[in-house]
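Heads up: the structure comes next, in structure tokens.
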There are 2 protein chains.
Amino acid sequence: MIKARVTVTLKNGVLDPQGKAIEGALGTLGFSGVGAVRQGKVFDIELESADRAKAEAELKSMCEKLLANTVIENYSVTLI
Amino acid sequence: MIKARVTVTLKNGVLDPQGKAIEGALGTLGFSGVGAVRQGKVFDIELESADRAKAEAELKSMCEKLLANTVIENYSVTLI
């Protein structure tokens, strides 16, 4: 069994209102010196396959088709 | 300036309907052999501080107070 972590983040230049809201909230809570905050998603996926190369290719395909909107998001796949 | 990545994931045993939905959708798309899928959040944060130890302590405090619900979520802080 292979465990993988897929991280999906917004591309540079794409507005992130949720990140901006968190930035504001951190300021309100008294955390000073906080620059940009960007929020993304992480998926922990278990695959039954034992072939790491095939698993990685399949995970990239999952990102292209479902997990990430590649117009505005980047993704990275890490096998654990 | 310090860049950090905070990852927030659901604790084991906490139900994750969003992950279950993704699992189902991957099956529908023809990806076989997909076991559990769990979804979490990731925050990319820039801090103006230059003191890495202080920054890490501050990021943990941010997690406790705002970024994670520590009743049901774990968090991890990585300085980049």
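Where a number appears in this text, it was derived from the coordinates with a stated rule and is not lab data. A quick note: this is a predicted structure, and the numbers were derived from the prediction, not measured. Don't worry about glycine lacking a Cβ; one is built from the backbone with ideal geometry, like all the others, and counts go over all protein chains shown.
Could I have the simple spin-label model distance between B:Ala36 and B:Ser49, label points 7 Å from Cα toward Cβ, reported in nm to one decimal?
Here the modelled spin labels are 3.3 nm apart.
Would you give the gap between the C-alpha center of the range A:14-34 and the C-alpha center of the range B:4-77, rounded to a whole Å?
Here the answer is 18 Å between Cα centres.
At B:Leu66, with labels set 7 Å past Cα in the Cβ direction, how many nm apart are the copies from this one, shortest first?
3.3
Could you name the residue in chain A with the C-beta closest to the rotation axis that superposes chain A on chain B, along with the separation in whole Å?
Nearest-to-axis residue on chain A, with distance in whole Å, is A:Val42, 2.
Can you give the helix-only mean residue ellipticity at 222 nm for the protein assembly as shown, where every DSSP H stretch with n ≥ 4 adds -39500 (n - 2.57) and the sum goes over all residues, rounded to the nearest 500 deg cm²/dmol?
-9000 deg cm²/dmol
Copy-to-copy spacing for B:Thr28, label 7 Å out on the Cα-to-C-beta vector, in nm, shortest first?
Going from nearest to farthest copy, the values are 3.6 nm.
Once you list every other residue whose beta carbon is under 10 Å from the beta carbon of A:Lys3, what net charge do they have if Lys and Arg are +1 and Asp and Glu are -1?
Local net charge: -1.
Within a 10 angstrom radius of the beta carbon, how do A:Ser76, B:Ser32 rank from fewest other beta carbons to most?
Lowest count first: B:Ser32, A:Ser76.
Below 8 Å, C-alpha to C-alpha, sequence gap of six or more: please give me the relative contact order for the range B:9-53 in percent.
42 percent
Ignore the peptide's own chain and count Cβ atoms of other chains within 10 Å of each Cβ in B:44-53; give me the average, rounded.
So the per-residue partner count for this stretch is 4.
Hey, for B:Arg52 with labels 7 Å out along Cα-Cβ, what do the inter-copy distances come to in nm, ordered shortest first?
2.6
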